[in-house]
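The values are calculated or read from the model by the stated rules, or taken from the named source; none is laboratory data. No experiment lies behind these values; they were computed from the predicted model shown. Cβ: placed from backbone, ideal geometry, glycine included. Neighbour counts: every protein chain shown.
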Amino acid sequence: MAERIGPDELARLEEERRFLLRSLDDLERERAAGDVDDDDYLTLRDGYVARAAAVLRSIDAGRAALPPRRRVSRVVIAAWVVGVVAVASLSGWLVARSSGQRLSGQVMTGGEVDEIGVALAEARSLLGSDPLRASELYADVLSRDPSNAEARTYTAWLLALFASSASTPETAELASAQSRESFEAVIAD
């Protein structure tokens with residue numbers, strides 16, 4: 001009965017086989033280049049061939065001692081494919097069924113759109129590029145929700161910016177005063 005060789009030992013033997021075959025190729029190149037004389041070549045080649053043959057016999061014996069690979073029938077493979085497709089289809093149907101329909105004016109979760117939140121986000125994004133449009137959006141938010149702290153604060157800040165770039169000292173003073181009053185009112189609330 002053949003000695004049982006484990007997968008790790010088989011892998012080591014395969015690596016040794018590759019090494020020996022590469023060594024034979026290298027030896028042939030060295031002989032062709034004239035780096036090895038005929039006597040050394042024959043001695044080395046015979047040693048590599050003998051070792052390679054022994055390794056190949058060990059690999060064959062180890063593979064023969066392994067249990068045969070279990071073949072999976074096509075019926076089992078088909079059953080798995082059908083099962084995976086069925087689970088995926090059922091999952092997709094359940095997600096679609098539980099998602100419902102999103103109507104115009106609703107966010108992805110189905111709730112109503114927070115128009116004030118949308119206006120505030122748009123105004124924030126325009127602060128550096130279009131302060132006039134941002135100011136209009138903040139004014140729109142304040143007309144709907146006069147106590148909105150973000151809109152009140154940014155409106156005061158935009159007034160301060162306007163004051164620093166006003167064309168006349170009187171306009172600058174007026175805008176600066178309104179900005180201070182607005183900031184104080186926001187802080188007081």
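Values computed for the structure shown
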read-out	value
Meets criteria (touching a Leu at 6+ places or on another chain (Cβ under 9 Å) and either surrounded by 11 or more Cβ atoms within 10 Å (Cβ to Cβ) or at pLDDT below 90 (or both)) for Ala11	no
Pair list, Cβ under 6 Å, 6 or more apart: region 126-152 residue touching a residue at least 12 places away in the same chain (Cβ under 8 Å) and over 14 Å from Ile116 (Cβ atoms), other residue outside any helix (DSSP H, G or I) and of a type outside the set (D, E, K, R)	Ala134/Leu127
Top-ranked residue in region 30-42 [being of a type outside the set (Asp, Glu) and exposed (fewer than 11 other Cβ atoms within 10 Å of the Cβ); ranked as nearest to Ala61 (Cα to Cα)]	Ala32
In region 131-159, residue surrounded by the fewest Cβ atoms within 10 Å (Cβ to Cβ) [restricted to those that are within 22 Å of Ser176 (Cβ to Cβ) and either at pLDDT below 85 or of a type in the set (D, E, K, R) (or both)]	Glu136
Matching residues, region 153-183, being in a helix (DSSP H, G or I) and either of a type in the set (A, V, I, L, M) or under 14 Å from Gly117 (Cα atoms) (or both)	Ala156, Leu158, Leu159, Ala160, Leu161, Ala163, Ala172, Leu174, Ala175, Ala177
